[in-house]
Amino acid sequence: MSDDATAIHSPVPRTHALIRQHVAPGALFKIVLVNLALTILTLGIYRFWGKTRVRRYLWGHVELMGERLEYTGTGAELFKGALVIVFLLLLPLFVAVGMADVMLIHASDEARAAKEASQGLVIVFLIGVAMFRARRYRLTRTSWRGIYANQTGSSLRYGLMVVASYVLAGLSVGLLWPACAVWLKRYEMTHTWIGGQRPEFTPKLSKIYAPFLIAWVIGVVYFSAVGLGFSVALGITAVDVPDLHADTVDELVLYILGFYLSLLPLSALFYWYRGRAYHHYVSSTRFMGHQATSAITGLGFAGLTIGNWLLATFTLGLAAPLVYRRYLRFVETRVGLVGEGNFDALLQNPIDKPTRGEGLADAFDVGAI
Amino acid sequence: MPSMSAPFEPATFYDGLSARRRDVVVRFDADAVSILEGGDILARWPGAELILTGRDGTSVTLARAGNEARAVFTAPGAYGRVLAQLPDVRGRERRARRALWATVLASVATVAGVYAAMPWFASLVVALTPLDYERDLGTMAAADVAAFFAGPKGRASCHAEAGGAALDKLVARLSSDAAPRFPYVVEVLDTPRVNALALPGGRIFLFRGLVEKAGDESELAGVLAHEMAHVDARHPLQSLVRGMSLSVLADVLMGDAAMGNLSTVLMATSYSRASESHADEGAIAKLETAGIGAGGMARFFERLSDKERDAYFGLPDFLSTHPASEARAERARQAPQSGRAVLTDGEWRALQSICTSNPPLSAM
């Protein structure tokens, strides 16, 4: 498959690129375009099969340690997953929320606030469950050298952990977020299987808190300055907002635009921290005697993410092939594996695979890729 | 040594038990493929169970359905040669594609059916909804609407005393025809738009812009009677049910979170043209019974119709979802036109300035 296939089998430990990507944006673009057309023509129903085609292509054009990955999922599995979630969970939930709204008409403000809050927590919980289950589905549909990946652990427990993380992070003005993030990431990683082997994952909180505190302090200062600036400006000009005369509307649009632009440095800061965190996560991962190495930098990751966001936004998603390739290239050039490169001892682990997938993640739009 | 007379091709084999890479020869027999390593047969896959799990123009991966083992062909030209050996596999793939399209088309047909059945479904839900339940819903929706239009002063509806009394008088005259399902609760919203809105449970909002721009009381009475006719027919609840069902359907199809807000759904929802015509008829009957006459209603629609001709942009919201105003004016013109006044000149002026002479908030 790859030119250095023989080099990968060297008995001397050396650094290999973890992946090599062979994505041809033109070919992928054709798939994306056809998917878009068919999805529109079928009122959205084709998207499960379309998503599957894109994944088949992406997995099939990523070479992991000398052998290509294979995506074994099907559109029908995603379709079934979505149907089950919609009819058994979302519709009953929707009706329940509507009935609660009506029953609480004469209730106190506190009771209604409690209902809103618990509704929010349920949604966060379901999003957590959705992410974990979607991860399990994608792992079990990923095959490499005839070995498939898997994920054990409980999605309900993971959902509760996500709720707890949000609550703790909120109560601590964000300061507990890195601890919670590591807690979640550790749960994911220690329940991940490639065949019969699990990665070892040993991150240190101290390594993540240093960049986080830098980002947090700068972020708080920046946010206060921008917030103050906006309220002063709005206080002077928008005396009578509710009547929304044409000139005020234009000004409001300007302010909203300005507000979003002012968030750009903030998100750069956030992704800078994310990059630093990923660098540490990767460096803290071992698999079958191989150590993962990372050349991910905060700035590099911020550039990648914001660049991809701009690409995706300003082309209405049509640049997806470029976005995928940029991500894969980033991993290709920045993540390595040190070791002799021999995985012959990796055995299949016949844990059950789920028979359908991602309905919940589809409903909440949290499925990656 | 097995016979090599059948076509064969070198491949890399993974047995599905371990990640060990093996160099093998794959032999294409008439009804199966055999995986050969040295002199041993590692596996024999029946032709009917073969699937292609990966192909990218240069390499191709062969597997047995339901099995994790893989044979990967990467030799130059192997792609075309392997595919040529497996006509059945490609036939099965074509059949699977046809099955996929059957599924997709059946689903689209189901969705279209659900969409078409929505008005009946909405009528059924409305018929089954108790009146006091609808009234509660209206109270909640009215609070949402008022909150939406409330400015920084925290006031959405206008409560000038004299104007309020005049409005009540007009409503009372228009509701004299029959015992209404709900007591009408009519309020004026302090916003410059020219619009009016009926909510479930008898709640009606007139927008300040409408009250100010109405030429006389009979024009305003026309709009008011129209909204009251909507209330009588329970159109707002019907439209709410239809709107929510459609939004759930759209969310389900497009795969977004199906957690809408009642009021946004309500405000984004329009009545059907049939409901509008129905409400127009009801309004004309009300105006006639009340002795007001439909002349004002006709004049109001004529003015709207002029605006429709003049401007494609910036039309009042009131007409965007409704039948052509010219046709509606025509129908109103066919009803008895003139009637007697309900309000005195002073009362009409008070009603038109119901918002400008709003009492201070503390007095409310």
**Q.** Probe 1.4 Å, protein heavy atoms only - accessible area per residue of chain A in square angstrom
**A.** 49 Å²
Q. What dipole magnitude, in Debye to the nearest 20, does the protein assembly as shown give about its Cα centre under +1 on Lys/Arg Cβ and -1 on Asp/Glu Cβ?
A. 2980 debye
**Q.** Lys/Arg +1, Asp/Glu -1 at C-beta; the protein assembly as shown dipole; positive extreme among A:41, B:157, B:75
**A.** B:75
Q.
Whole-Hz ³J(HN,Hα) for each residue in region B:72-89, computed from phi via Karplus 6.51 cos²θ - 1.76 cosθ + 1.60 with θ = phi - 60°, x for glycine and proline: what do you get?
A. 10, 9, 10, 4, x, x, 5, 3, x, 5, 5, 4, 5, 7, 10, x, 5, 4
Q | Two-site FRET efficiency, residue A:220 against residue A:106, from Cβ-Cβ distance with R₀ of 41 Å, rounded to 0.05 | A | 0.50
Q | Most fluctuating residue given options A:42, A:190, A:15, as computed from a GNM of chain A linking Cα atoms under 10 Å | A | A:42
Q: Write down Rg/Rh for region A:5-364, rounded to two decimals, with Rg from the C-alpha atoms and Rh from the Kirkwood relation over Cα pairs.
A: 1.00
Q: Over the whole of B:10-22, what's the average partner chain Cβ count within 10 Å per residue? Rounded to a whole number, please.
A: 6
Q: Using only alpha carbon pairs under 8 Å that are at least six residues apart, calculate the relative contact order of chain A and give it in whole percent.
A: 29 percent
Q: Report the full-extension gain for the segment residue A:119 to residue A:40: residue separation times 0.36 nm, less the Cα-Cα distance, to one decimal in nm.
A: 25.3 nm
Q: Heavy atoms only, probe 1.4 Å: what % of the accessible area of the protein assembly as shown goes to carbon and sulfur, would you let me know?
A: 64 percent
Q. How high is the relative contact order of region B:8-85, given as a whole-number percent (alpha carbon pairs under 8 Å, six or more residues apart)?
A. 27 percent
Q: Quickly rank B:117-129, B:282-294 as a protection proxy: mean count of other C-beta atoms within 10 Å, highest first.
A: B:282-294, B:117-129
Q | Surface accessible to a 1.4 Å probe, per residue, for the residues of region B:8-85, Å² | A | 42 Å²
**Q.** Farthest positive-ward along the protein assembly as shown dipole, Cα basis, beta-carbon charges - from A:84, A:32, A:348
**A.** A:348
**Q.** Shielding by partners - mean other protein chain Cβ count within 10 Å, residues of A:54-60
**A.** 2
Q: Under 1.5 on a/c is rounded, so check that first for region A:295-369, then, if it is not, pick prolate when a/b is larger than b/c and oblate when it is not; a ≥ b ≥ c are the square roots of the alpha carbon gyration tensor eigenvalues.
A: oblate
Q | Net charge dipole size for chain A [Lys, Arg +1 and Asp, Glu -1 on Cβ; Debye, nearest 20] | A | 1440 debye
(Q) What's the total accessible area buried between chains A and B, using a 1.4 Å probe, rounded to the nearest 100 Å²? (A) 4000 Å²
Q. What Cys residues in the protein assembly as shown are without a partner cysteine, judged by a Cβ distance under 4.7 Å?
A. A:180
Q | Average partner coverage of A:139-150, which counts Cβ from other chains inside 10 Å | A | 4
Q: List the lysines whose Cα lies under 16 Å from the Cα of residue B:213, skipping any in the same chain that are fewer than 8 positions away.
A: B:307
Q. Just the Cα atoms of region B:1-123, one point each, no solvent: what log10 I(q)/I(0) does Debye give at q = 0.09 Å⁻¹?
A. -0.37
Q: Report which residues of region B:53-71 become buried by 10 Å² or more of accessible surface when going from the isolated chain to the complete set of protein chains (1.4 Å probe; DNA, RNA and ligands ignored).
A: B:53, B:56, B:59, B:68, B:70
(Q) Straight-line reach from residue A:51: which lysines fall under 26 Å, measuring Cα to Cα and dropping same-chain residues less than 8 apart? (A) A:30, A:80, A:185, A:353
Q. Among all helices in chain A defined by DSSP H, which have a length of 20 Å or more along the axis from Cα atoms plus a Kyte-Doolittle mean of at least -1.0?
A. A:25-41, A:109-140, A:155-171, A:205-237, A:246-283, A:298-314, A:320-334
Q. Residue-wise, which Karplus ³J(HN,Hα) couplings in Hz belong to region B:121-130, taking 6.51 cos²θ - 1.76 cosθ + 1.60, θ = phi - 60°, and x for glycine or proline?
A. 4, 4, 4, 5, 4, 5, 4, 8, 8, x
Q.
Over the Cα atoms, compute the radius of gyration (one decimal) and Dmax (the largest Cα-Cα distance, rounded to a whole number) for region A:115-226, in Å.
A. 17.0, 56
**Q.** Translational diffusion coefficient (Stokes-Einstein; Kirkwood radius from C-alpha pairs) of the protein assembly as shown at 25 °C, 0.890 mPa s, in µm²/s
**A.** 80 µm²/s
**Q.** Cβ-placed point charges (K, R +1; D, E -1), dipole of region B:91-167 about Cα centre in debye, nearest 20
**A.** 900 debye
Q) Gaussian network model of chain A, Cα springs within a sub-10 Å range: biggest mean-square fluctuation belongs to which of A:184, A:78, A:91? A) A:91
Q: Would you work out which of A:176, A:164, A:142 lies farthest towards the positive end of the dipole of region A:135-195, given +1 charges on the beta-carbon of Lys and Arg and -1 on that of Asp and Glu, about the Cα centre?
A: A:142
Q | By average C-beta atoms within 10 angstrom, highest first, the peptides B:135-147, A:97-109, B:23-35, A:126-138 | A | A:126-138, B:135-147, B:23-35, A:97-109
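The values are calculated or read from the model by the stated rules, or taken from the named source; none is laboratory data. Owing to the predicted nature of the structure, the values given are computational and were not obtained by experimental measurement. So basically every Cβ, Gly included, is an ideal-geometry build from the backbone, and we count neighbours across all protein chains shown. Side chains are part of the model used for accessible areas, which takes the heavy atoms of the whole protein and leaves out ligands, DNA and RNA. Shrake-Rupley method; radii C 1.70, N 1.55, O 1.52, S 1.80 Å.
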